[in-house]
1. For the range 13-135, what is the charge dipole size about the Cα centre, in debye to the nearest 20, if Lys and Arg each add +1 at the Cβ and Asp and Glu each add -1 at the Cβ?
2. Once label points are set 7 Å from the Cα along Cα→Cβ at both L7 and D20, what is their separation, rounded to one decimal in nm?
3. When only Cα pairs under 8 Å and 6 or more residues apart are kept, what is the percent relative contact order across the range 13-135?
4. Amide H of W59 versus every other amide H placed in the peptide plane: which residues, excluding those fewer than 5 positions away on the same chain, fall under 5 Å?
5. Classify the range 78-118 from the C-alpha gyration tensor, please: rounded if a/c falls under 1.5, else prolate or oblate depending on whether a/b exceeds b/c.
6. Kindly give Rg over Rh for the range 13-135, based on alpha-carbon atoms, with the Kirkwood expression for the hydrodynamic radius.
7. In whole Å, what are the Cα extents of the range 2-69 along the three principal axes, biggest one first?
Amino acid sequence: MTTIRPLRADTGLCEYEDPDTWFRGYSGERESAAICTNCPIIVACAQNALRFGATDGVWASVAMPGARDVTALKAARAQLREVIARYRNQPPALRLRSLQIRQAVHFAAIQRDLRRRQAAKPASRASATLREKASA
């Protein structure tokens, strides 16, 4: 069972989704990119993609084409630089909105985790009761 880590300044919206969401190819690029555009760490994500030389996946709302297509990869890296420039100077109201979205997503993830844990408890209790009866 997964545990939601505490909300920190470097927590991205991608942490609340299945990691495959960011690396599943063309079928999910639009949905992944839409999540990214509301993420409060989109600038850091774009910077990390450039620093690490990312070639695959969706980073900061940019779908990386893979290492084989050098021209498309250069274009994607240019898009990452554009994301950095655009979001670095975003209005405070948009920054606040991104932080509020992350806080809401974090809260929802914690609630979902708690519900899963509570749903698993009755099954554990029933198993323990059966073991007790069997050993008696």
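Taken together, the values in this text are just the output of simple stated rules run on the coordinates, not laboratory data. What you see is a predicted model, and the numbers here were worked out from it, not measured in a lab. Ideal geometry is used to build each Cβ from the backbone, glycine not excepted, and the neighbour counts take in all protein chains shown.
1. On the way: 20 positive and 11 negative charges, 87 e Å.
With only Lys, Arg, Asp and Glu charged at Cβ, the dipole is about 420 debye.
2. Distance between the two pseudo-spin positions: 2.9 nm.
3. Working: 105 pairs, mean separation 28.7, N = 123.
About 23 percent, as a whole number.
4. Those lying under 5 Å, H to H, from W59 are M64.
5. Values: a/c = 8.23, a/b = 2.43, b/c = 3.39.
Since a/c reaches 1.5 but b/c is at least a/b, the shape of the range 78-118 is classed as oblate.
6. On the way: Rg = 20.4 Å, Rh = 16.8 Å.
Across the range 13-135, the Cα-based Rg/Rh ratio is 1.21.
7. Answer, in whole Å and largest first: 38, 25, 21 Å.
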